[in-house]
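A.B. asks: This is the structure, below, for whatever I ask next.
Since every read-out is calculated from the coordinates, none of them should be taken as a lab result. Owing to the predicted nature of the structure, the values given are computational and were not obtained by experimental measurement. Cβ atoms come from the backbone with ideal geometry, glycine included; neighbour counts cover every protein chain shown.
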Amino acid sequence: MRRATRERLEAWMSVMGTRWQGTTALLFCGMGFLSAACSALSGLDDFEIGSGAGAGSVTGTAGSGPGGQGGAGASGGNGGVVVSSGGEGGNGGHGPCQPGTTRSCYTGPTGTEGVGVCRVGVSTCTDERTWGECEGEITPSPELIFNDLDDDCGGTTLVDGDLLVRYLINEAATGLGAGQLFDSASNPMNLALDTGGAALFFTEPSPGQRGLRWPTRATNAMAWAHLTGGKIQQRLGSQKAATLEFVLDVDGTDANMTLFFIGTDALDFSADRLSVRFNELEEPRLYVNGSMVGQLPINMNTTGRSVLQIAIDTTQETASNRRRFYLDGILQEAKGTPPARDTMFDLASSVVFLLGNAGQGLRSPEATLHYAAIYTRALSSLELRNNATALLANDDAP
Ligand SMILES: [Ca+2]
Ligand SMILES: [Ca+2]
Ligand SMILES: [Ca+2]
């Protein structure tokens, strides 16, 4: 590659009637032409250019790219002699190295090293002056193992990949605490607390089980945020799959009392685009684009603190698989007509996201919400069971 570049440049210069000379070439480079070729020339003879090397120049610094920074500060000399001093290549690069030397390395996604089970490894410089395999590293693996370890290295023993929002609801043991719910997913969307006249407060019935308590039914207390342009609209809008995950303890609901609401009008529960609300039998129902598409035929007033998970994937051929309801990690037979195949979440005009509800008739349930999360895909049964096991043990720091 390097040879070919040089040959091409020599041929071009020959055509131009110019004898190849380093100085000329470097001046030429200094004019900013053919920067990639110049970068290659600046590394003549002594150095391999990193696979991610970018533009260089006679006075410039090394190219940077996916291969990290491979320094190549160059000074021109007569007769085409180019003296370069190269820096050490970054992670993933193939810059020059001193045979036998070692460095730490990591090939997993940025930000996962040192998190959970993930560890950096060691790479040794080979006789060919390139960095060898990264030995001993541990990179993320699917979070499927019921082992109390963070296998996918996202910070919890839960599935951390494809997470959209996660509210651990551990901000305080009592009272109102920070006054908001913090989203622990990336690019956080925190929720403001509207107490609806003090009808909302933090509680901690047991260690590791902090939650937000609605002490009476039919209030307008809620945690909420504007959606417009935010990550929920961006990553869930027009998609066909998601997982909704809650830890909750329901004490009383009336028809249409709302646990979870994404919709166009906070004051109207029927303006929902994606929501979970209860029927008069205290059974949770899933609504997509304003239609009821699934119902868990279990009175949640009888189940105590529970993990409720709803996995949605409208691409599934089998209708019942387009929404799966799980209670404490166990798949349940659901009622209601599943969504039509390939239904997409219509969030184009959605404006608010609520936990609890300020809607018609003041429709927050009497309940404690310990945890809420959204994923951007339908988690597998194994993943849901893994999460439920962890959340039942601790919904504050799973
Ligand atoms: Ca694990
Ligand atoms: Ca994890
Ligand atoms: Ca909690």
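A.B. asks: What translational D, rounded to a whole number of µm²/s, comes out for the range 170-287 from Stokes-Einstein when the hydrodynamic radius is the Kirkwood one over Cα pairs, at 37 °C and 0.692 mPa s?
C.D. replies: Using the Kirkwood radius from Cα pairs, D works out to 211 µm²/s.
A.B. asks: Find out how many positive minus negative residues lie around residue 183, taking Lys and Arg as positive, Asp and Glu as negative, among other residues whose Cβ is under 11 Å from that of residue 183.
C.D. replies: Taking every Cβ under 11 Å from that of residue 183, the sum is +2.
A.B. asks: Now a separate question. By the scheme Lys and Arg +1, Asp and Glu -1, what is the net charge of all other residues having a beta-carbon under 9 Å from that of residue 252?
C.D. replies: Computed value for this residue: -3.
A.B. asks: Report the net charge of residues surrounding residue 332, where surrounding means a beta-carbon distance below 12 angstrom and charges are Lys +1, Arg +1, Asp -1, Glu -1.
C.D. replies: Working: positive: 323, 324, 335; negative: 283, 328, 333.
Residues near residue 332 contribute 0 overall.
A.B. asks: Continuing with this model, one more query. Dividing the convex hull volume of the alpha carbon atoms of the range 163-393 by its residue count, what do you get in Å³ per residue?
C.D. replies: Looking at the range 163-393, the number lands at 101 Å³ per residue.
A.B. asks: Taking the Cβ of each residue in 350, 270 as the centre, tally the other Cβ atoms inside 10 Å and list the residues starting with the fewest.
C.D. replies: Exposure proxy ranking, most exposed first: 270, 350.
A.B. asks: Same structure again: Using the number of other C-beta atoms within 10 angstrom as an exposure proxy, rank 118, 153 with the fewest first. Present the calculation step by step, with values, prior to reporting the outcome.
C.D. replies: Values: 118 22, 153 25.
Exposure proxy ranking, most exposed first: 118, 153.
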